[in-house]
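Have a look at the structure below, then the notes.
Just so it is clear, none of the values below were taken in a lab; they were calculated from the coordinates. Just so it is clear, the model here is predicted, and its values are computed rather than measured. Neighbour counts run over all protein chains shown; Cβ positions are idealised from the backbone, glycine included.
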Amino acid sequence: MSAEVRHMKTAAELALAETYAAAKQKLPGKGPLAVLREDAFRHFEAQGLPHRRVEEWKYTDLRALMRDLKPLASPPDASAKARAKTAGKIIGDVECRRLMFVDGAFASELSDVTPETGLAIASMNQALAKGDALVGTHVGKVIESKDAAVALNTALMGDGAVIRIAAGASIARPLHLIFVATGGKPASMFTRSLIVIEKGARAMLIESHEYAGAGSGDYQVNAALELVVGDEAHVDHVKIIAEGAGALHVSSLMASIGARARYNDFSFSIGGAVVRNQLFLRFDGEDTVAGIRGVCLLKGRQHADTTLVLDHSAKGCQSRELFKSVLDGESRGIFQGKIIVRPHAQKTDGKMMTQALLLSDTAEADNKPELEIFADDVQCGHGATAGALDEDLLFYLKARGIPPKEAEALLIQAFIGEAVEGIEHAGLREVLMEAAVAWLKARA
């Protein structure tokens, strides 16, 4: 009896099966790529949507939160592209190379694809269709994952970016991948991107997920980025999640990082009804240094889940993880972080901290940092805190004539500033702090 209940399909799961069956012959990619899709969907079908009995998803029951499936997004028309032109403003006047994806499809006319030495840019849809060698080598293979959301993305992936940065190249401007939903009608989008940064190259990647429609936005996003960082490369990756207030957003980063590399990652989440931001990172080479940080600003009934798995598979690597969340109203913030140290990864130095600031009595923070250590010569630690604003500090500021709301805002900015300061690009640090200030003003 219990087995029958456990395997009962929800309306969303049934709709996903129907959607895949109807779309698989039209999706780009034949031969091995079609087999990859089929295997991925069978894996998803065996698991179903993640639910609270799956340990990694215990705080984000997607089976309960995703009641239905929106239809696959149609190719954007002229009006959708016109609305999309406003996207990307969250980073202000930071000079970037913009690559625009409208309702899940690459919009070349809205993108900067001018040639640059050492940089190759293509559409994932076209790369899949022509059997591009880079895609065949890496897609679905950068990090092996049993995650159901990743499997679903692999099965239904449509478009995205394929970027290769040649060995030794230094890309002058940040690459800004803008994924924008225009809200013409309810839709679901499955985007997949692949970025390969070869030995000794240097680049900054900005990935933003935004809404450019009217109303709260009734859509669903399942996005994945596979990132290969070569030996001695220097890479900065900033992800901004500013979806519509009614959106469901699940995104996955799968990164393999080579030897003696420097990698910085920052996640900034301020939008979406339900957000799940997954990071699966593996150190594949010795003596690499990484900083993984993030900030979530939540209000109302927003639900945001950051899940990180950092696999130290090589010796002598250093990682620092710092995640901050500010929770107002009835919002819920989740952080699950796991550092794994393999037996041969001696001399590992890893430290993880997650901190939540509760601005209301009805907000909820769930923090679960973990260590799995199989080596004996390591320095590893983790910590978690949750609490309200310091009343003594508030009193100190108010006693000097600062209005209560302004005093609160100053303390909140100082709280998140520690994480934001990890961004190497000064202009981007500034505009993200400005976005945080705007969020605080809207709260007031």
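For the pair residue 52 and residue 395, what calculated FRET efficiency results from E = 1/(1 + (r/R0)^6), where r is the Cβ-Cβ distance and R0 = 45 Å, to the nearest 0.05? Please list the in-between numbers first.
Working: r = 41 Å, r/R0 = 0.91.
Between residue 395 and residue 52 the formula returns 0.65.
Show me the GluC sites (Glu not before Pro) within segment 134-242 that DSSP assigns to loop and that have at most 11 other Cβ atoms within 10 Å of their Cβ. Before the final figure, lay out the partial values.
Numbers: sites: 144, 198, 207, 210, 226, 232; in loops: 144, 198, 232.
Loop-located and lightly packed - 144.
Which entries of 315/351; 299/405; 324/398; 85/130 show an alpha-carbon separation above 18 angstrom in the structure shown? Could the numbers behind the result be given before it?
Numbers: 315/351 15 Å; 299/405 16 Å; 324/398 25 Å; 85/130 29 Å.
The pairs that break the limit, which is 18 Å between Cα atoms, are 324/398; 85/130.
If I take the Cα coordinates of segment 261-385 and project them onto the principal axes, what are the three extents in Å, biggest first?
So the three principal-axis extents are 46, 22, 15 Å.
How big is the dipole moment of segment 198-323 about its Cα centre under a simple scheme where the beta carbon of each Lys and Arg is +1, that of each Asp and Glu is -1, and everything else is neutral? Debye, nearest 20, please.
320 debye
Please give the contour-minus-distance gain from residue 23 to residue 78: 0.36 nm per residue of separation, less the Cα-Cα distance, rounded to one decimal in nm. Don't jump to the answer; show the numbers that get you there.
Details: separation 55, 0.36 × 55 = 19.80 nm, distance 2.40 nm.
Gain on stretching residue 23 to residue 78: 17.4 nm.
How large is the charge dipole for the chain, taken about the Cα centre, if only the Cβ atoms of Lys, Arg (+1) and Asp, Glu (-1) carry charge, to the nearest 20 debye? Present the calculation step by step, with values, prior to reporting the outcome.
Details: 51 positive and 57 negative charges, 176 e Å.
Computed charge dipole of the chain: roughly 840 debye.
Quick check on segment 100-182: take the gyration tensor over C-alpha atoms, sort the square-rooted eigenvalues as a ≥ b ≥ c, and tell me if it's rounded (a/c under 1.5), prolate or oblate. Mind showing how you got there, number by number?
Values: a/c = 1.84, a/b = 1.27, b/c = 1.45.
The shape class here is oblate.
For segment 331-389 and segment 185-206, what is the centre-to-centre distance using only Cα atoms, to the nearest Å?
26 Å
Just name one of 252, 128, 264: the one whose Cα is farthest towards the positive end of the charge dipole of the chain (beta-carbon charges, Lys/Arg +1, Asp/Glu -1).
Farthest along the dipole direction, towards plus: 128.
In segment 341-425, which trypsin sites (Lys or Arg not before Pro) fall in coil by DSSP and have 14 or fewer other Cβ atoms within 10 Å?
Details: sites: 347, 351, 398, 400, 405; in loops: 347, 400.
For trypsin sites (Lys or Arg not before Pro) across segment 341-425 that sit outside H, G, I, E and B with at most 14 neighbouring Cβ atoms in 10 Å, the list reads 400.
Starting from the Kirkwood radius over alpha-carbon pairs of segment 391-444, derive D by Stokes-Einstein at 25 °C in a medium of 0.890 mPa s and give it in µm² s⁻¹. Present the calculation step by step, with values, prior to reporting the outcome.
Details: Rh = 12.0 Å.
Calculated translational D: 205 µm²/s.
Just tell me which lysines come within less than 20 Å, Cα to Cα, of residue 89; anything on the same chain fewer than 8 places away is out.
81, 239, 441
Got a sec? Which residues in segment 59-97 would a label at residue 109 touch, if it sits 7 Å along Cα→Cβ and we count backbone N under 14 Å?
Once the point is set 7 Å along Cα→Cβ of residue 109, 76-85 turn out to lie under 14 Å by backbone N, inside segment 59-97.
Pairs of Cα atoms under 8 Å, at least six residues apart: use those to get the relative contact order of the chain, whole percent.
10 percent
Calculate the translational D of the chain in whole µm² s⁻¹ from Stokes-Einstein, where the hydrodynamic radius comes from the Kirkwood formula applied to all Cα pairs, the temperature is 25 °C and the viscosity 0.890 mPa s. Let's see the in-between values first.
Values: Rh = 22.3 Å.
It comes out at roughly 110 µm²/s.
Share of antiparallel DSSP beta bridges in segment 2-285, in percent to the nearest 5?
Values: 8 of 75 bridges.
Of the beta bridges lying entirely in segment 2-285, close to 10 percent run antiparallel.
With just the Cα atoms defining each centre, how far is segment 277-297 from segment 396-418? Give it in Å.
Each part's Cα centre sits 31 Å from the other's.
Would you calculate the separation in nanometres between label points at residue 434 and residue 373, each defined as 7 Å from the Cα along the Cα-to-beta-carbon direction?
Result for the modelled spin labels: 4.4 nm.
Provide the packing ranking of 18-26, 285-293, i.e. peptides ordered by the mean count of other C-beta atoms within 10 Å per residue, highest first. Could the numbers behind the result be given before it?
Working: 18-26: 12.7, 285-293: 20.1.
My ranking of the peptides, most packed first, is 285-293, 18-26.
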